[in-house]
2 protein chains.
Amino acid sequence: MKNQWIISDNNLEIKELIKNESIFNVSNGYIGIRGNFEEGYPKSYPTIRGTYINAFYEDVPINYGEKAYAFPETMQKIVNVTDSQDINIIINGEQFSIFEGTVKSFDRYLDMETGCYVREIWWLSPLGKELKIKITRLASFKYLELFAINYEIEKINFDEEVIIESAINGDVSNYSDSNDPRVASGNSNILIVNSITADENTLQLVSETQNSKKRIAVTTKHSCNVSYKVSIKKDEKSVKAIFNTKKGNKNICFTKYNIYTDSRRYPNIEKDGMRIAEKVSCHSFIEHLKTQEDYLKEFWSLADITIGSDKKLQQGVRYNLYELLQAVGKDSISNITAKGLSGEGYEGHYFWDTEIYILPFFTLCNPALAKGLLKYRYTILDSARQRAREMGHKKGAAYPWRTIAGGECSSFFPAGTAQYHINADIAYSYVQYYLATGDMEFIKDFGAEVIFETARIWIEIGHFHKGLFKIDAVTGPDEYTAVVNNNFYTNVMAKYNLKWASKLYNELLEKEPEILNKLCRKINLTKEEINTFEKANKSMYLPYDKDLKINAQDDSFLNKAIWDFENTPKENYPLLLNYHPLTIYRYQVLKQADIVLAHFLLEDEANIETIKNSYDYYEKITTHDSSLSCAVYSIMASKLGYLDKAYEYFMDTARLDLDNTHGNTKDGIHTANMGGTWMSIVYGFAGLRIKEGHISLSPKLPNIWNEIKFSFLYKGCKIVIWILKDKTEISTKDNCHVNLKINGESYLLTNNEKIVLQ
Amino acid sequence: MKNQWIISDNNLEIKELIKNESIFNVSNGYIGIRGNFEEGYPKSYPTIRGTYINAFYEDVPINYGEKAYAFPETMQKIVNVTDSQDINIIINGEQFSIFEGTVKSFDRYLDMETGCYVREIWWLSPLGKELKIKITRLASFKYLELFAINYEIEKINFDEEVIIESAINGDVSNYSDSNDPRVASGNSNILIVNSITADENTLQLVSETQNSKKRIAVTTKHSCNVSYKVSIKKDEKSVKAIFNTKKGNKNICFTKYNIYTDSRRYPNIEKDGMRIAEKVSCHSFIEHLKTQEDYLKEFWSLADITIGSDKKLQQGVRYNLYELLQAVGKDSISNITAKGLSGEGYEGHYFWDTEIYILPFFTLCNPALAKGLLKYRYTILDSARQRAREMGHKKGAAYPWRTIAGGECSSFFPAGTAQYHINADIAYSYVQYYLATGDMEFIKDFGAEVIFETARIWIEIGHFHKGLFKIDAVTGPDEYTAVVNNNFYTNVMAKYNLKWASKLYNELLEKEPEILNKLCRKINLTKEEINTFEKANKSMYLPYDKDLKINAQDDSFLNKAIWDFENTPKENYPLLLNYHPLTIYRYQVLKQADIVLAHFLLEDEANIETIKNSYDYYEKITTHDSSLSCAVYSIMASKLGYLDKAYEYFMDTARLDLDNTHGNTKDGIHTANMGGTWMSIVYGFAGLRIKEGHISLSPKLPNIWNEIKFSFLYKGCKIVIWILKDKTEISTKDNCHVNLKINGESYLLTNNEKIVLQ
């Protein structure tokens, strides 16, 4: 079964190479390095040679043809930082390149069990030197600053000395494509090299961002198992150590330890870099591999999902979870970007994707990391308050639609700032975390404040009208309709936000009155406001169409013409790249799940008939042009008993990046979709929901599979769910007392017991 | 009564000076020169030293933070061209400046009867030289290329030689202010000097725009009544002729003839410039003054409105009409910019302002110029067709919201491209022209094609829904609400567009079948399309609220909360400069007349009760933040018998620029509002409407006035309307036969007769 832990791709075609730079990124939530070749490609090959630090950004100006009040003036953009990938092997003047000479064998793979990425090449040089090279990379999960590269070189038919050139290069720039709104535009030259220091033991290159003067140091050490002479070559923007290994050593083992320290985290990036480099280079590469494997063993012990039988699918599922682990920020100033640390698409920004698509996985399979992600939102709460003031709201917080450090970075407000639902999404994820972990401390310290402040924003932007609470001029998740009144998703999520604000207030009032008082004083929250929250919650308007018996996406949606799908050629998808927004807005057509997502997140707010009718109606007019769509349709198809559809949509998520089905994996992997894969299984096929006081399940198994097995933590207990063709087992080995509702019937799961359903 | 033809302002305060640069522009529809001082201000004074050629533009790139499909990539921007204003007077080393020495008297005025602008200064230099200078400028209405400046210098207490330095300066740039969406942003350096030639008789400076390589030549000649020596001084970007006049001439008369020829109009700008300069400099300045006066005599003979009694008001009315004449393009490649040729606000673009606010004046008072304005839209019909294709429409034309030569220049589509109503506005103005002139030839040659192609766009963007024709995702005239469904204004105007397309088709089918056939073949127009036009016209949905008994601005408008006017401080107006668009969109608040405008343009599409209720409702929530608003409210207040309001709103329009009530006259005058002033009187107080087959009138006189007297051409006959306190006289001296409806009763006006109503 080893190969179900391996992602392998030996293709050397131009298009595949650039895509695989994303696929084979090695990242640990702090640093991420794209899977470029150390020695490079031929010059004409397109490449995005990239290294990123989560939340390390530059402030770049935003240009507008016509600017209006409170349009963001600058945005935060992830920086392609100093490149430490460069290694060249030279034998007798011939430089190793897989694109020259004869490649006798080539293997390229990611091992998700051990946490490393490998290239193995058996190569005959143009002049006949034969050698084997094994290159292994890792971004350490234990030492987050460490990106290590290990070379094992075996001389097959020669004895001459091998020269190893290892460089760090500060002459880097960001990638841009002004014609694709999903990629960055302009502002590609960000970093300036400040200083380079180098001796035989250590190289260090320090750079600075041009505008905001953020600093980044790369400190590099090497180790080599054979004797050598070393010389240093410096220029203005890069530095190279040249290792002249002696003749006669058949096997050379060479390790490059690169330490990244940035000024957002380290008080003295130069000294801290040196210190950490000293420390980690004491450990051999083998030791680092072992540490990496241990970390992953623990991760997989809870996170792994086995689905039996289908190897490619199993690979896909594991890859997606592995990438989430690689992507997740492990301090509270960073989060999960739309592309992880694998590329620059969406400029390294954090979106609602984290809360709605990714947090469920971490909340249930790694609550410590989930807590960090939630805490991140608390760290930017002040920015969100400030943004609310800019937007003319007297109270509350308006979280930015896209951001790194809290500033609104969206320059197209109809599909950005107008998506107020992000505030409810954040509140929702705090509540889900609370329900799954019971972690009241966290709610007291951080959650309550965020939930109160986000609840306030609904009172600011909504209004009572003929006895109903209405919310105008917002955009829901489906960006193919923008700036509408009473988007169902927004309203129902806002209702939940308001309900929980009031609920938590009352809970704290009863149990922790002092803490509540302190918080109320801090943010000037009054009982009258809570009453208004409650009133708005209870009278929230949720659009419903009596004729169609469905929820209406917004007040006007169902009056529009339906998009002419029949006469839309395949190459015109995604629509956003082929039609003006206005043209798209004019029709009933969805980029992604909107009401169907609301019906998933808050299934108790609609009856099953409405949910089913809505699914049937909206599915027909959804293009799934967003990678955030299929998972939700899969989950809801499972719920509604459309098992074939659930399977098909799931399949669309599972290998989206591995098979590059959206055609833009080169810009980075799709992290939200990856969370969606997990949800499609756990929330979809297994039908898991975290409710107040209990868990509900509704297990189903696609015909083609033999089993689904996964586990998660619920209030500290590890629960294992095993769905087989003829039965489902729910078990725990922990000391617990868990209320379950399975297919509507109540069960109690206690210590070391097993529930078996047949 | 002379002073009612004079606009005078001698204020030398910094703020007033920059505003008066706009007020005292001299323009003739081809060239426009701001009222800068020839000799300049002190260095620290802000100034926009500007000279513009109507429709002479550069293509400049538009930047977007996030770009979407079919967003315009470049826009056309009017160019601040070569400056030929420079003249300096030097006596014994002392340079004349009104900011130094002693000003014994100073007069600055525009004479609208003679068409020239004058500065008269009686000056004592710091060293005691006393002289009088009279500087007169004109932009010739006869020789459009000519901008002439005349100096009369009288030496009072000295005899020494006077040096006159006269320059043309190619070192010019556009003005920009990135924080005001109503002004241009970026791209200020456009022109490069190509060549300078100069001899004792003629200076010529040729420049070129950087991107599009459009060329402009300024050819300058001088004349002087006293003997002198001349020398030439050239540098890279400018050239100067220095006239050393001899001692002893008490009175010096010096004329500078500047000829502007641009490559959009002239095949050989250098030679054509030379040729025209030779020709016009044969005529003395006095002769040019006479020609100018003759031209204006004819203009005023039809265009003038006398309102008796109030001098400032009479000035304001005349100034506004005079500026319209100065602004109007006199060839079919140019039109009327939002700021005329007096400034760079809105970047020299043409909007719907021309059709709805300005054309009525020209249609009735100068049909030849009106024809040119309409023909301009025909010249850009191909661009409008192309834009429709870009926007995904299979047929029809989509006129750009703002443009110079036809390309869409709006970079914020919710308040730009979404304003599809411009297509109906253009069609409407063709119909109005046809009804007023009976010029069927023009309709056959140009009008029908424009009306058919614009009608088609409604079929493209609208759809039949439950038996009604609906139009989604558009923005109406009121930009404080954007991208809505079934904007009443848009729908009712589209209805008219569709009705007239079908009407003209049938009229041509009957009277000019061959011409119709030819046109139908050219644009592939079928009878089925006409049937669809007719069906859409008849089933057009016009939103109406039963409870309020008003037309609803759009499907959702009346469900929104009403803007909190009470808690909006005065300094927060205009709202667009103080609130994010989303915040504004969330409320019932209008920037300008929307339904009220529709009820004016198409009064027969609603009953008087609905019109009155709508006025009462919308007036309360209209900020008039746009200068296009008050005139419409004045007209409709007149119609509804709110005579005091009509008067107040009228007063807001009449001196908007002269009194700088919007605070931004420095960026240019407000041409649409100027057309609105005329409409407020003629369509407002006199209640004129051009209907099919007749004219209707409903005369009213504000209490404070003694009379209103104006005239216009109707189907070739000059009709004079004279409203007095006790009677109204309608008369003509022409051979005609005009059906009138006055206060609902029918009359017939025939040759040389007079209708007197008491």
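The values are calculated or read from the model by the stated rules, or taken from the named source; none is laboratory data. Every value quoted in this text rests on a predicted model; they were computed, and no experiment measured them. A quick note on method: Cβ atoms are made from the backbone with ideal geometry, for glycine too, and the neighbour counts reach across all protein chains shown. Heads up: the accessible areas ignore ligands, DNA and RNA and are worked out on the full protein's heavy atoms, side chains in. Shrake-Rupley method; radii C 1.70, N 1.55, O 1.52, S 1.80 Å.
Take each residue in A:478-490, count the other chain C-beta atoms within 10 Å of its C-beta, and the mean is 2. Between 0 and 90 degrees, the angle of helix A:381-390 with respect to the longest Cα principal axis of chain A falls at about 60 degrees.
With all pairs of different C-alpha atoms in the average, the Kirkwood value for the hydrodynamic radius of region A:450-572 is 16.3 Å.
For region A:1-61, the share of alpha carbon pairs falling in successive 5 Å distance bins from zero is 4, 15, 22, 19, 17, 14, 7, 2, 1, 0, 0 percent. Assuming a viscosity of 1.306 mPa s and a temperature of 10 °C, what translational diffusion coefficient in µm² per second does Stokes-Einstein assign to region B:109-247, Rh being the Kirkwood radius over Cα pairs? Rounded to a whole number, D works out at 88 µm²/s. Label-to-label distances for B:Ile286 across copies, nearest first, come out at 11.1 nm, using points 7 Å from Cα in the beta-carbon direction.
Against the main long axis of the alpha-carbon atoms of chain A, helix A:367-379 sits at an angle near 80°. Between the beta carbons of B:Thr526 and B:Val720, assuming R0 = 60 Å, the FRET efficiency works out to 0.80 to the nearest 0.05. Counted by Cβ distance under 12 Å from B:His393, the other residues give a net charge of +4, where Lys and Arg count +1 and Asp and Glu count -1.
The GluC sites (Glu not before Pro) of region A:687-758 that meet both conditions, a loop assignment by DSSP and at most 12 other Cβ atoms within 10 Å of the site Cβ, are A:Glu692. Size descriptors for region B:315-375: radius of gyration and Dmax over Cα atoms are 10.9, 32 Å. Remark: region B:314-320, residue by residue, has Karplus-estimated 3J(HN,Hα) of 4, 4, x, 4, 5, 4, 5 Hz, where x stands for each Gly or Pro and the curve is 6.51 cos²θ - 1.76 cosθ + 1.60 at θ = phi - 60°. Would you work out if region A:191-339 is rounded, prolate or oblate? Take a ≥ b ≥ c from the square roots of the eigenvalues of the alpha-carbon gyration tensor; rounded if a/c is under 1.5, else prolate when a/b is larger than b/c, oblate otherwise. Oblate, since a/c reaches 1.5 and b/c is not below a/b. Would you be so kind as to list the residues of region B:542-576 that have their accessible area lowered by at least 50 Å² in the full protein complex compared with their chain by itself (1.4 Å probe)? Buried by 50 Å² or more upon assembly, which counts only protein chains, are B:Asn559.
What is the angle, in °, between the Cα long axis of helix B:285-303 and the longest principal axis of the Cα atoms in chain B? Nearest 10 is fine, range 0 to 90. Tilt of helix B:285-303: around 20 degrees. For peptide A:582-591, the mean count of partner chain Cβ atoms within 10 Å of a residue's Cβ comes to 5.
Distance from the Cα centroid of region A:14-68 to that of region B:652-720 is 62 Å (rounded to whole angstrom).
Here each label is just a point 7 Å from Cα along the line to Cβ, and for A:Lys394 and A:Asn751 those points are 5.7 nm apart. With label points defined 7 Å past Cα in the direction of Cβ, position B:Pro267 shows copy-to-copy spacings of 8.0 nm, given to one decimal and shortest first. With Cα atoms as the point set, the radius of gyration and Dmax of region B:277-352 evaluate to 15.6, 46 Å. Principal axis extents of the C-alpha atoms in the protein assembly as shown (largest first, rounded to whole Å): 109, 76, 72. Among chain A residues, the beta-carbon with the smallest distance to the axis carrying A onto B is reported, with distance in whole Å, as A:Asn63, 2. Largest accessible area first, the listed residues B:His662, B:His624 line up as B:His662, B:His624 when surface is computed with a 1.4 Å probe on the assembled protein chains.
Amide H to amide H, with H built 1.01 Å from N, A:Val162 comes under 5 Å of A:Thr245, counting only residues 5 or more places away or on other chains.
Calculation over all alpha carbon pairs of chain B in 10 angstrom steps from 0 returns a P(r) of 3, 14, 23, 25, 19, 11, 4, 1, 0 percent. Per-residue 3J(HN,Hα) values for region B:92-109, derived from phi via the Karplus relation 6.51 cos²θ - 1.76 cosθ + 1.60 with θ = phi - 60°, read 6, x, 8, 9, 4, 8, 5, 8, 10, x, 10, 9, 7, 7, 8, 9, 9, 7 Hz in sequence order (x marks Gly and Pro). Summarising the amide proton neighbourhood of B:Phe351: residues at separation of 5 or more, or on other chains, whose placed amide H is nearer than 5 Å comprise B:Ala338.
Backbone amide hydrogens, once placed in the peptide plane, bring A:Ala552 within less than 5 Å of A:Tyr544, A:Asp545, excluding anything fewer than 5 places away on its chain. The calculated Kirkwood hydrodynamic radius for region B:498-565 is 15.0 Å, given to one decimal from all distinct C-alpha pairs.
Across the alpha-carbon set of region B:684-758, the Rg to Rh ratio works out to 0.94, Rh being the Kirkwood radius. For B:Val230, inter-copy separations between label points set 7 Å beyond Cα along the Cβ vector come to 7.9 nm, shortest first. For region A:211-299, the Stokes-Einstein estimate of translational diffusion at 37 °C and a viscosity of 0.692 mPa s comes to 212 µm²/s, using the Kirkwood hydrodynamic radius over alpha-carbon pairs.
Between A:Glu73 and B:Ile90, the modelled label-to-label distance comes to 4.3 nm, taking each label 7 Å out from Cα in the direction of the beta carbon.
Projection of the Cα convex hull of region B:55-131, averaged over all directions and equal to a quarter of that hull's surface, yields 10.0 nm². Accessible surface of B:Ser696, taken over heavy atoms with a 1.4 Å probe and every protein chain present, rounds to 20 Å². Backbone geometry of region A:686-691 corresponds, through the Karplus equation with coefficients 6.51, -1.76 and 1.60 at θ = phi - 60°, to 3J(HN,Hα) couplings of 7, x, 5, 9, 9, 10 Hz, x marking Gly and Pro. Note: region A:592-746, Cα convex hull, 125 Å³ per residue.
Quick one: check the C-alpha center-to-center distance for region A:93-168 versus region B:84-98, whole angstrom. Each part's Cα centre sits 79 Å from the other's. Using the Cβ-Cβ distance between B:Glu100 and B:Ser231 with R0 set to 30 Å, the FRET efficiency works out to roughly 0.75. Convert 37 °C to kelvin, take the viscosity as 0.692 mPa s, use the Kirkwood radius over C-alpha pairs of region A:520-629 as Rh, and evaluate the Stokes-Einstein diffusion coefficient in µm²/s, rounded to a whole number. Translational diffusion coefficient: 201 µm²/s. Residues of chain A were split at every exposed loop site, defined as chymotrypsin sites (Phe, Trp or Tyr not before Pro) in a DSSP loop with at most 13 other C-beta atoms within 10 angstrom, and the longest piece left, sites excluded, is A:100-564.
The alpha-carbon atoms of region B:337-488, seen along their principal axes, cover 44, 37, 26 angstrom, with the largest extent given first.
Averaging Cα coordinates gives a centre for region B:234-264 and one for region B:549-617; these two points are 54 Å apart. Each stretch of four or more DSSP H residues adds -39500 (n - 2.57); spread over every residue of chain A, this sum gives -9000 deg cm²/dmol at 222 nm. For region B:553-682, the spread of Cα positions along the three principal axes, ordered from largest to smallest, is 40, 37, 21 Å.
Computed log10 I(q)/I(0) for region A:1-141 at 0.11 Å⁻¹: -0.53, from the Debye equation with unit scatterers placed on every C-alpha and solvent omitted.
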